[in-house]
Amino acid sequence: MKIGFIGLGNMGAPMALNLLKAGHAVNVFDLNPQAVQTLVDAGATASASPKTAATDVECVVTMLPAAAHVRAVLSGDDGVLAGIARGVPIIDSSTIDPATVKACAELAAPHGNAFVDAPVSGGTGGAAAGTLTFMVGGSAEVYEQVKTVLSAMGKNIVHCGDTGTGQVAKICNNLVLGITMAGVAEAMSLGEKLGIDPKVLGGIINTSTGRCWSADTYNPFPGVIETAPSTRGYSGGFGTDLMLKDLGLATDAAKSVRQPVYLGALAQQLYQTMSTQGAGRLDFSAVIRLYRHDGDA
Ligand code: NAD
């Protein structure tokens, strides 16, 4: 299949690479020429704009930072809708708000295109390994249409319901993630101060009722999990500013339905404090630095 891929960052680049590995032909576009070159070296074709990336393809995938980028890439003068043929699905895997998804779907419909929300979970490791979970919002028919492309980049492809419900699932998952990471950071820091070896404490949590992804895969305490960003100075991984964005999506969405998110609002303030202190680009597990200093700062 011929696919247009726009947004080659920490997530998009390995996802596009997996499409190439699966034998698809891929047109790529990103504002960062270096990111484009890396994909071209792996066999992709460089495009001059989202419009050219979307021309003569059977599917378009976007993986961009936030809603404003998705809108611009979709409907700008040189945007996807200016180049895409009728009937070709547009899959957006960025994490954005459900209202923007619906607005984009309304923009795409008169062009004869389905706009499908398919945000992901699994992080940069999952993107590289092709084991992402995709949360898909759209009709059953469109879901069947996009499943094959998504299968080249992920392991679990879940149909969540109508347009926008993929983002609802994603936002709720990241609400849990932001809260659990802060909880594990708090507990690991307390344990250290009270004198237990962090590796022992990590091991206990991971075989006890405190076990969660934030503890057993992404533990924020350096050295507890060798492959976690905490062990490499909080580089790579899932940026604090992206977590802050996701918690903002959750609190905004909650406001729209008058639903309380007590812990989410508190977690949002923690990541916002980190961002204010200049740690916005560090992995979000660096939230533990609000409790302790490991000498890597
Ligand atoms: P990133 O910042 O690493 O990459 C975004 C890419 O988009 C960059 O290469 C940037 O140059 C490009 N870009 C920005 N504006 C553009 C435009 N107008 N046209 C073309 N390219 C443009 O971000 P990421 O970590 O890859 O995350 C992408 C999305 O996936 C975000 O919505 C994020 O919330 C979500 N997400 C990230 C992770 C993670 O672990 N990093 C996990 C799940 C979901």
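Here, each number is a calculation from the coordinates, and none is a lab measurement. These figures come from a predicted structure and were not determined experimentally. Cβ atoms come from the backbone with ideal geometry, glycine included; neighbour counts cover every protein chain shown.
Would you order C172, C160, C59 from fewest to most other beta-carbon atoms within 10 Å of each residue's own beta-carbon?
Values: C172 16, C160 20, C59 23.
The fewest-first ordering by Cβ neighbours comes to C172, C160, C59.
What do you get for the angle between helix 165-193 and the principal long axis of the chain? Use alpha-carbon atoms, 0 to 90 degrees, nearest ten.
Taking the Cα atoms of the chain, the angle to 165-193 is about 20 degrees.
Give me Rg/Rg_expected for the chain, where Rg uses Cα atoms only and Rg_expected = 2.2 N^0.38 Å with N residues.
1.03
Taking the 0 to 90 degree range and rounding to the nearest ten, how far is the long axis of helix 262-274 tilted relative to the main principal axis of the chain, both from C-alpha atoms?
The answer is roughly 90 degrees.
Of the listed pairs K170/K193; K199/K255; K155/K245; K51/K245, which have alpha-carbon separations greater than 30 Å here?
With Cα atoms farther than 30 Å apart: K170/K193; K199/K255.
Give me the Debye-computed log₁₀ of I(q)/I(0) at q = 0.13, 0.14 Å⁻¹ for the range 2-161, equal point scatterers on Cα only, no solvent, two decimals.
Those come out to -0.50, -0.59, one per q.
What is the distance, in nm, between label points placed 7 Å from the Cα along the Cα-to-Cβ direction at T45 and at R292?
With each label placed 7 Å out from Cα toward Cβ, I get 5.3 nm.
Helix-derived [θ] at 222 nm for the chain: sum -39500 (n - 2.57) over DSSP H runs of at least 4, divide by residue count, nearest 500?
That comes out to -14000 deg cm²/dmol.
Quick one: net charge around G7, please, counting Lys, Arg +1 and Asp, Glu -1 for every other residue with C-beta under 14 Å from its C-beta.
Surrounding charge for G7 is -1.
Under 18 Å from the 7 Å Cα→Cβ point of E144, by amide nitrogen: which residues of the range 82-115?
Label zone hits: 87-90, 114-115.
Normalise the Debye intensity by I(0) for the range 159-208, one equal point scatterer per Cα, no solvent, then take log10 at q = 0.24 Å⁻¹ and round to two decimals.
Taking Cα atoms of the range 159-208 as identical point scatterers yields -0.85.
When DSSP assigns beta bridges and you keep just the ones with both residues in the chain, what percent turn out antiparallel, to the nearest 5?
15 percent
Round to the nearest 10 and give me the degree value, 0 to 90, for the angle of helix 12-21's Cα axis relative to the longest principal axis of the chain.
It is inclined by approximately 60 degrees.
In cubic angstrom, how much convex hull volume per residue do the alpha carbon atoms of the range 168-290 span?
Numbers: hull volume 12.5 nm³, N = 123.
Residue-normalised Cα hull volume stands at 102 Å³.
Taking 0.36 nm per residue of sequence separation and subtracting the Cα-Cα distance, how much length would be gained by fully extending the chain between R258 and E106, in nm to one decimal?
52.2 nm
When the label point is put 7 Å from the Cα of E186 along its Cα-to-beta-carbon vector, which residues of the range 255-293 have a backbone N closer than 17 Å?
Answer for this model: 261-274, 285-292.
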